[in-house]
Amino acid sequence: MADLKAGAAAVLVFLILLLASKQPLLVSAALAGGAYLGVRLLLAPKTLPTEKPWLEPLATRWAGRDEGERLRQIATLAQRLRKEPELTVAVAEHLAYVKRACLPYQDGTPPTGQARTELITLLELVESRLLRLAEAHRRDDDRALASELAALRQTLIEFVPERVIENKNQ
(Lines give C-alpha, C1' and ligand atoms only; values in the text may rest on other atoms or scores of the structure.)
Protein backbone atom coordinates (compact mmCIF):
# COMPACT_ATOMS: atom_id res chain seq x y z
CA MET A 1 0.00 0.00 0.00
CA ALA A 2 2.89 2.35 0.79
CA ASP A 3 4.35 1.68 -2.68
CA LEU A 4 1.06 2.56 -4.31
CA LYS A 5 0.76 5.86 -2.43
CA ALA A 6 4.40 6.74 -3.08
CA GLY A 7 4.01 5.89 -6.76
CA ALA A 8 0.88 8.04 -7.05
CA ALA A 9 2.69 10.94 -5.38
CA ALA A 10 5.64 10.54 -7.75
CA VAL A 11 3.40 10.53 -10.83
CA LEU A 12 1.58 13.61 -9.56
CA VAL A 13 4.85 15.47 -8.91
CA PHE A 14 6.16 14.43 -12.33
CA LEU A 15 3.08 15.66 -14.16
CA ILE A 16 2.92 18.95 -12.25
CA LEU A 17 6.60 19.67 -12.87
CA LEU A 18 6.50 18.64 -16.50
CA LEU A 19 3.23 20.27 -17.56
CA ALA A 20 2.60 23.15 -15.17
CA SER A 21 6.16 24.26 -14.42
CA LYS A 22 7.51 23.48 -17.90
CA GLN A 23 10.57 21.77 -16.40
CA PRO A 24 12.73 19.57 -18.62
CA LEU A 25 11.87 15.89 -18.71
CA LEU A 26 14.98 14.68 -16.82
CA VAL A 27 14.57 17.28 -14.05
CA SER A 28 10.91 16.32 -13.63
CA ALA A 29 11.81 12.63 -13.51
CA ALA A 30 14.59 13.19 -10.97
CA LEU A 31 12.38 15.27 -8.69
CA ALA A 32 9.55 12.74 -9.04
CA GLY A 33 12.00 9.99 -8.04
CA GLY A 34 12.98 12.02 -5.00
CA ALA A 35 9.31 12.51 -4.14
CA TYR A 36 8.74 8.76 -4.44
CA LEU A 37 11.62 7.97 -2.09
CA GLY A 38 10.52 10.63 0.39
CA VAL A 39 6.93 9.41 0.55
CA ARG A 40 8.10 5.80 0.69
CA LEU A 41 10.32 6.57 3.68
CA LEU A 42 7.53 8.43 5.44
CA LEU A 43 5.11 5.55 4.95
CA ALA A 44 7.61 2.78 5.74
CA PRO A 45 6.48 0.50 8.56
CA LYS A 46 8.14 1.26 11.84
CA THR A 47 10.29 -1.48 13.32
CA LEU A 48 8.61 -3.48 16.01
CA PRO A 49 10.24 -3.59 19.44
CA THR A 50 12.11 -6.78 20.22
CA GLU A 51 11.01 -9.18 22.91
CA LYS A 52 13.31 -7.66 25.51
CA PRO A 53 10.65 -5.68 27.41
CA TRP A 54 9.10 -8.83 28.83
CA LEU A 55 11.74 -11.53 28.42
CA GLU A 56 14.80 -9.99 30.07
CA PRO A 57 13.08 -8.48 33.15
CA LEU A 58 11.36 -11.80 33.80
CA ALA A 59 14.70 -13.61 33.49
CA THR A 60 16.23 -11.07 35.88
CA ARG A 61 13.45 -11.55 38.44
CA TRP A 62 13.96 -15.30 38.22
CA ALA A 63 17.75 -15.07 38.51
CA GLY A 64 19.19 -18.14 40.20
CA ARG A 65 16.26 -20.27 39.12
CA ASP A 66 16.34 -22.69 36.22
CA GLU A 67 13.56 -20.77 34.42
CA GLY A 68 15.50 -17.54 34.65
CA GLU A 69 18.66 -19.08 33.23
CA ARG A 70 16.72 -20.69 30.39
CA LEU A 71 14.98 -17.40 29.58
CA ARG A 72 18.32 -15.58 29.58
CA GLN A 73 19.83 -18.17 27.20
CA ILE A 74 16.79 -18.00 24.91
CA ALA A 75 17.01 -14.18 24.84
CA THR A 76 20.71 -14.35 23.94
CA LEU A 77 20.11 -16.94 21.22
CA ALA A 78 17.16 -15.00 19.80
CA GLN A 79 19.16 -11.78 19.69
CA ARG A 80 22.02 -13.53 17.86
CA LEU A 81 19.76 -15.37 15.41
CA ARG A 82 17.72 -12.28 14.55
CA LYS A 83 20.78 -10.84 12.84
CA GLU A 84 20.14 -13.33 10.03
CA PRO A 85 17.13 -12.09 8.03
CA GLU A 86 16.08 -15.57 6.91
CA LEU A 87 15.83 -16.76 10.53
CA THR A 88 13.81 -13.84 11.92
CA VAL A 89 10.41 -15.44 11.31
CA ALA A 90 11.41 -18.77 12.85
CA VAL A 91 12.84 -17.02 15.92
CA ALA A 92 9.68 -14.92 16.28
CA GLU A 93 7.52 -18.07 16.18
CA HIS A 94 9.59 -19.71 18.93
CA LEU A 95 9.46 -16.56 21.05
CA ALA A 96 5.68 -16.44 20.62
CA TYR A 97 5.46 -19.87 22.30
CA VAL A 98 7.68 -18.69 25.14
CA LYS A 99 5.69 -15.50 25.57
CA ARG A 100 2.39 -17.38 25.66
CA ALA A 101 3.77 -19.77 28.28
CA CYS A 102 5.13 -16.90 30.39
CA LEU A 103 1.98 -14.72 30.26
CA PRO A 104 0.63 -15.93 33.64
CA TYR A 105 3.98 -15.13 35.26
CA GLN A 106 4.77 -11.71 33.80
CA ASP A 107 4.31 -10.06 37.17
CA GLY A 108 7.39 -11.94 38.32
CA THR A 109 5.67 -14.58 40.39
CA PRO A 110 7.53 -17.80 39.62
CA PRO A 111 5.57 -20.91 38.64
CA THR A 112 5.38 -23.79 41.07
CA GLY A 113 4.68 -27.50 40.94
CA GLN A 114 3.53 -29.03 37.69
CA ALA A 115 3.32 -25.59 36.00
CA ARG A 116 7.02 -25.05 36.73
CA THR A 117 7.95 -28.44 35.31
CA GLU A 118 5.94 -27.77 32.14
CA LEU A 119 7.44 -24.30 31.73
CA ILE A 120 11.00 -25.58 32.16
CA THR A 121 10.31 -28.38 29.66
CA LEU A 122 8.97 -25.87 27.13
CA LEU A 123 11.93 -23.54 27.65
CA GLU A 124 14.38 -26.42 27.21
CA LEU A 125 12.58 -27.47 24.03
CA VAL A 126 12.59 -23.95 22.57
CA GLU A 127 16.23 -23.47 23.52
CA SER A 128 17.26 -26.75 21.87
CA ARG A 129 15.29 -25.89 18.72
CA LEU A 130 16.94 -22.47 18.51
CA LEU A 131 20.34 -24.11 18.94
CA ARG A 132 19.54 -26.62 16.17
CA LEU A 133 18.34 -23.75 13.97
CA ALA A 134 21.61 -21.90 14.54
CA GLU A 135 23.64 -25.04 13.88
CA ALA A 136 21.75 -25.83 10.68
CA HIS A 137 22.23 -22.26 9.49
CA ARG A 138 25.95 -22.43 10.29
CA ARG A 139 26.28 -25.75 8.43
CA ASP A 140 24.50 -24.30 5.41
CA ASP A 141 26.93 -21.38 5.47
CA ASP A 142 29.85 -23.82 5.69
CA ARG A 143 28.49 -25.82 2.74
CA ALA A 144 28.01 -22.65 0.72
CA LEU A 145 31.55 -21.51 1.56
CA ALA A 146 32.98 -24.92 0.63
CA SER A 147 31.16 -24.92 -2.71
CA GLU A 148 32.36 -21.35 -3.40
CA LEU A 149 35.94 -22.39 -2.65
CA ALA A 150 35.61 -25.45 -4.88
CA ALA A 151 34.22 -23.29 -7.70
CA LEU A 152 37.06 -20.80 -7.23
CA ARG A 153 39.62 -23.60 -7.31
CA GLN A 154 38.07 -25.03 -10.48
CA THR A 155 38.07 -21.58 -12.08
CA LEU A 156 41.74 -21.15 -11.22
CA ILE A 157 42.55 -24.55 -12.70
CA GLU A 158 40.70 -23.65 -15.91
CA PHE A 159 42.38 -20.26 -16.21
CA VAL A 160 45.85 -21.53 -15.38
CA PRO A 161 45.92 -25.04 -16.90
CA GLU A 162 49.70 -25.34 -16.94
CA ARG A 163 49.91 -24.94 -13.18
CA VAL A 164 48.46 -27.59 -10.89
CA ILE A 165 46.79 -26.11 -7.85
CA GLU A 166 47.23 -28.41 -4.93
CA ASN A 167 45.07 -28.58 -1.87
CA LYS A 168 47.51 -28.31 1.02
CA ASN A 169 45.01 -29.83 3.49
CA GLN A 170 45.00 -33.22 1.79
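Take A96 and tell me if it is under 30 Å from D140 (Cβ atoms), open to solvent by less than 70 Å² (accessible area, probe 1.4 Å), touching a residue at least 12 places away in the same chain (Cβ under 8 Å) and small (G, A, S). Taking the combined requirement at face value, the residue does not satisfy it. For the range 105-131, taking the residues that are at pLDDT below 85 and surrounded by fewer than 16 Cβ atoms within 10 Å (Cβ to Cβ), the one that is nearest to Q79 (Cα to Cα) is identified as Q106. The C-beta contact set for the range 110-126 (first residue free of Cβ contacts under 8 Å to residues at least 12 places away in the same chain, second residue open to solvent by 70 Å² or more (accessible area, probe 1.4 Å), distance under 9 angstrom, 6+ apart or interchain) comprises A115/P104; L125/Y97.
Just a yes or no: is a residue in the range 37-46 crowded, with 17+ Cβ neighbours inside 10 Å, modelled with pLDDT under 85, in a helix (DSSP H, G or I) and out of contact with any Leu (no Cβ under 8 Å at 6 or more places or on another chain)? Within the range 37-46 (the criterion being crowded, with 17+ Cβ neighbours inside 10 Å, modelled with pLDDT under 85, in a helix (DSSP H, G or I) and out of contact with any Leu (no Cβ under 8 Å at 6 or more places or on another chain)), the answer is yes, since at least one residue qualifies.
Condition test on G68, is it of a type outside the set (D, E, K, R) and open to solvent by less than 70 Å² (accessible area, probe 1.4 Å)? It is true that G68 is of a type outside the set (D, E, K, R) and open to solvent by less than 70 Å² (accessible area, probe 1.4 Å).
Name the residue that is farthest from T88 (Cα to Cα), counting only residues in the range 103-133 that are outside any helix (DSSP H, G or I) and more than 26 Å from the chain's Cα centre (by Cα). Step by step, filter the range 103-133, then rank; the result is T112.
The values are calculated or read from the model by the stated rules, or taken from the named source; none is laboratory data. Remember, it's a predicted structure, so these values are computed and weren't measured experimentally. Using ideal geometry, Cβ is built from the backbone for each residue, glycine included, and neighbour counts are taken over all protein chains shown. These accessible areas exclude ligands, DNA and RNA; they are computed on the full protein's heavy atoms, side chains included. Shrake-Rupley method; radii C 1.70, N 1.55, O 1.52, S 1.80 Å.
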